[in-house]
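The values are calculated or read from the model by the stated rules, or taken from the named source; none is laboratory data. Small disclaimer: the values here were computed from a predicted structure and weren't measured. Virtual Cβ from ideal backbone geometry, glycine too; neighbours counted across all protein chains shown. Heads up: the accessible areas ignore ligands, DNA and RNA and are worked out on the full protein's heavy atoms, side chains in. Shrake-Rupley method; radii C 1.70, N 1.55, O 1.52, S 1.80 Å.
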Amino acid sequence: MSTVPQPSIGVLVMAYGTPASPEQIERYYTHIRHGRKPTPELLAELQGRYQAIGGISPLMHHTHTQVRGIQAALDTLAPGRYRTSLGMKHAAPFLEESALALAQSGVKQIIGLVLAPHYSSMSVGEYMQRARTAIPAEIPFTAVESWHRAPGYLEYLTEQVKQAKEHQLRESGIAEERLEVLFTAHSLPMRILAQGDPYPTQLQETAQAVATAAQLQHWSIAWQSAGRTADPWIGPSILDVLPELAAQGVQGVLVCPAGFVSDHLEVLYDLDIETIQLAQSLQLAFARTALPNNDARVFATLADLIQDHVAAQDMAHA
Ligand SMILES: CC1=C(CCC(=O)O)c2cc3nc(cc4[nH]c(cc5[nH]c(cc1n2)c(C)c5CCC(=O)O)c(CCC(=O)O)c4C)C(CCC(=O)O)=C3C
Ligand SMILES: [Fe+2]
């Protein structure tokens, strides 16, 4: 009787999570705010944003698709060797439960990967810390900490930027020298800069690689979706950049939300409703590139990274 080989390597794929229903928004928002309940005004504002995009975010759907895609790509590389499991930061299945279940499933080591390309101690670092705490010490846990220059990811972004730019120039009739390409990611509290966090530099590296490959004339970085807290968040915000660009004679912006891999509220509302309204008030043509969502090149490049990570581990312990 052929026995199916037991996967020896666990891959904990981690993602942000989203409320499963409108009724869960308050509990979810409180979890995002590290246990600080939102004021009625903040809660109403967030509920209104979810309603504006149809009530539920597609984030969970895309996240599950991505985990399946990464598993399939790993099975192509090494059938039966890897077992992926999804763990989330702010919603069930929480990453701690998934990490422990994976550790108890018989794998000999676990590799952490976050569905966010750029490393920050406040984003990827927090995921990895929580996973490390949940996994029993006898199961080695290591992390693929960033993948902001992964070939398949850069190839995807470059193709999207080139296609979207050509389409926008054709549709709007504006000249290329009047078009600014903005690469965005989620803003973070300014204090990470004092800690030497690589997050801003990594977004710059992603943007530079895509701008070079796509031969962009005018491009820059902008931050989006800053949280509403007392301390300052990294800027410039895209909402401040647009008026400045309009004042300089720019006539159109193409936004490439390089910091995200899925359509979710901070793209479908923050960009496609809030930022578009501002662009229209400034008579700026607005377009944005499509998110990877279910692009097989991104799954394949992440599987390659995981395999390379394992090979490097094996070499180090040889
Ligand atoms: C409502 C909501 C969604 C749900 C969207 C949906 O349902 O579609 C969402 C998604 C995401 N948010 C993301 C990234 C981040 N969000 C942060 C912080 C914050 N987000 C907030 C709101 C949301 N964010 C808020 C109110 C804060 C400030 C917290 C505070 O008041 O302190 C921070 C700072 C660090 C931290 O505080 O975690 C980061 C890095 C990523 C990227 C992937 C990733 O990093 O996993 C994704 C998909
Ligand atoms: Fe967020």
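The selection criterion, being modelled with pLDDT of 95 or more and buried (at least 20 other Cβ atoms within 10 Å of the Cβ), holds for Asp295.
When Glu126, Glu171, Glu145 are checked against the criterion of being within 16 Å of ligand 2 (Cβ to nearest atom) and open to solvent by 10 Å² or more (accessible area, probe 1.4 Å), a single residue qualifies: Glu126.
Applying a threshold of 6 Å to beta carbon distances and a minimum spacing of six or more residues, or different chains, the list of pairs starting in region 92-121 at a residue that is at positive phi and ending at one that is more than 16 Å from ligand 2 (Cβ to nearest atom) reads Gly106/Gln6.
Scanning region 174-187 for residues that are within 16 Å of ligand 1 (Cβ to nearest atom) and open to solvent by less than 20 Å² (accessible area, probe 1.4 Å), which turns out nearest to Leu115 (Cα to Cα)? Working first, answer last.
Kept after step one, since they are within 16 Å of ligand 1 (Cβ to nearest atom), are these residues of region 174-187: 183-187.
Those left that are additionally open to solvent by less than 20 Å² (accessible area, probe 1.4 Å): 183-185, 187.
Working: Phe183: 18, Thr184: 16, Ala185: 13, Ser187: 16 Å.
Residue satisfying both the conditions and the ranking: Ala185.
Tell me whether region 80-87 contains one or more residues that are among the small types (Gly, Ala, Ser) and either under 21 Å from Ile234 (Cβ atoms) or part of a strand (DSSP E or B) (or both). Yes. Only residues that are of a type in the set (A, V, I, L, M, F, W, C), open to solvent by 40 Å² or more (accessible area, probe 1.4 Å) and closer than 13 Å to Lys165 by Cα were counted in region 201-219, giving 1. Per the conditions (1) open to solvent by 50 Å² or more (accessible area, probe 1.4 Å); (2) touching a Leu at 6+ places or on another chain (Cβ under 6 Å), the sole criterion not satisfied by Gln277 is (2).
As an exercise: evaluate Ala73 against (1) away from ligand 2 (no atom under 16 Å from the Cβ); (2) more than 14 Å from Ala303 (Cα to Cα); (3) open to solvent by less than 40 Å² (accessible area, probe 1.4 Å) and give the number of the one condition it does not meet. Every condition holds for Ala73 apart from (2). Being within 11 Å of ligand 1 (Cβ to nearest atom), part of a helix (DSSP H, G or I) and over 22 Å from the mean Cα position of the chain (by Cα) is a description that does not apply to Glu41.
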